[in-house]
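Worksheet for the structure shown next.
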Amino acid sequence: QDFIHKQTASFGKAVLVLRRGRYFIQTRSKEVMEHLTEDEEIKSGSVGEVRQQEEELQAEDDAEKDDEEPQGELQFLSTARRTAVTVYSLEIQATRVQFIKK
């Protein structure tokens, strides 16, 4: 059980994003980004420094749905909540992406 927890603790904590023809590693965890930037493949394939930015997320709130049928032309099925989160981002050279994905 401890083995499984240790092996999967960082699973899904970072994503590889393609934005306007440029690749970025992104995570919400500063610790995960610090761990990733210690890796030699990532370090050698990075462009510039880690950037920290605030991004706004929109989450659907299903708790406020009515059980009744909606009436009228405008039907609001749920209300949206907006939440600001910190995202750490590191640009990666396009030629190095295949090595980093491994």
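Take the Cα of Val97, step 7 Å toward its Cβ, do the same at Glu54, and the gap between the two points is 3.0 nm. If we count every other residue with Cβ under 14 angstrom of Leu16's Cβ, Lys/Arg +1 and Asp/Glu -1, where does the sum land? Charge balance in the 14 Å sphere: +3. Placing dummy labels 7 Å off each Cα toward the beta-carbon, the span from Leu16 to Glu34 is 2.6 nm.
FYI, it's all coordinate maths here, none of it is from the lab. Only a predicted model underlies this, so the values are computations on that prediction, with no experimental measurement involved. Positions of Cβ are generated from backbone atoms using ideal geometry, with glycine treated the same way; all protein chains shown enter the neighbour counts.
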